[in-house]
Amino acid sequence: SATAAMGGAEPPTHNLEDNTRITPRTNKATKERGAKPEKFTGARSRAREWLVKFDNYLRLNKDVYPMEDEKIALFFTFFTGEEAGQWARDMMMKIYQEDEEYSDSEEESSDDSSGDEDSSVSKKGKQWTIKEVKRQFLRSFKPASRKSQAQTKIETIRMEGALADIDKYNSQFQL
């Protein structure tokens, strides 16, 4: 395959019944570890927190998902809802645009004669990395401006519990 020709290993096979993957390179079974992050629904205020959980899961499973295209494919499986789901579909089309499944014209599908199996390479030859996909994610789902966050805080904050002390309450309004 093109991946093997470039010095990479063949992608692992996946056994869906017990989350075990057998890597052809080592013929060793690798089980996924840790808790998968919840689905990302598009909540901008939770984007960074969600990404930290995804990174931790990926770090724990680096032997299960060793290839860049596997990491990218895994990343997109966690998106749901109207905004986040659409963003993931748009990004997948951008990244995997050489695949006939995503092509909407005969011209595009007959054009693919490269036979390149590395799905993280687009027709334009751009090599996508999980780092770049995550950067795009953070750009697209950055939280609202500090001004609008402060306005929301002003409208919802209550002087109770830990904020019963006037100094602690007032400190919540400092930018």
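The values are calculated or read from the model by the stated rules, or taken from the named source; none is laboratory data. These numbers come from a predicted model, not from an experiment.
Worth a mention:
- Residues of segment 85-98 satisfying the condition of being of a type in the set (Asp, Glu) and part of a helix (DSSP H, G or I): Asp90
- Filter pass, Ala150 being assigned to a loop (DSSP other than H, G, I, E, B), under 16 Å from Ser45 (Cα atoms) and at pLDDT 60 or above: no
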